[in-house]
Structure formats: C-alpha cells, structure tokens
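Note sheet for the following structure.
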Amino acid sequence: MAVKFDQREPETVPQEADPTPPDTWRMECTLDGLAFPARRWQLIAQAELNGVDGVTHERLRRLPARPYENSADVAGELIRRDG
C-alpha cells in the first residue's frame, strides 16, 4: 500500500500573531514552577530541575546576581547582555 504525502506548503502564521518573544517563551518553559521574585541561584536551580540545556545554563549563570521579577525580566536581561 502506497503512502501519499501532502505536497502543499504548510500555512504560515505571521510573526505578529504571537506577542511573546521567543526568549521570553523559552524562559517561561525553563523556569516553569519557580516563584518570583527570584534570585539568580534560584533561576539556575529551577532550570536544572526542568532539564535546562548547557547553553541556556551558562547564560543564566552569567546573569547579574539580583532579584528578577518574572521570566520576561530574565529574558530581557539575557537579550541586553547577549544582544
């Protein structure tokens, strides 16, 4: 029995359809379960519990040691530092 694949182009969703920037969304997943405000060490501990990848772990480790209000605050700091 032959399997037929759909050759049509997938529908694309315009970027403006998702108001959450990718870094913010990634931090929300990485820091899921963390109560804010949180310190850098708490960010790292929660990220480790959630199975953070090595690159993101290193980025978190390099953050300034200050309280962070939410995952968007963390993502914003990462964007400011890493460009």
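Its residue count N sets the reference 2.2 N^0.38 Å, and the alpha-carbon radius of gyration of region 22-82 equals 0.94 times that reference.
Amide H to amide H, with H built 1.01 Å from N, Tyr68 comes under 5 Å of Ala38, Arg39, counting only residues 5 or more places away or on other chains.
Any read-out appearing in this document is the output of simple, stated calculations on the displayed coordinates, not a laboratory observation. Since we're looking at a predicted model, the values are computed, not measured.
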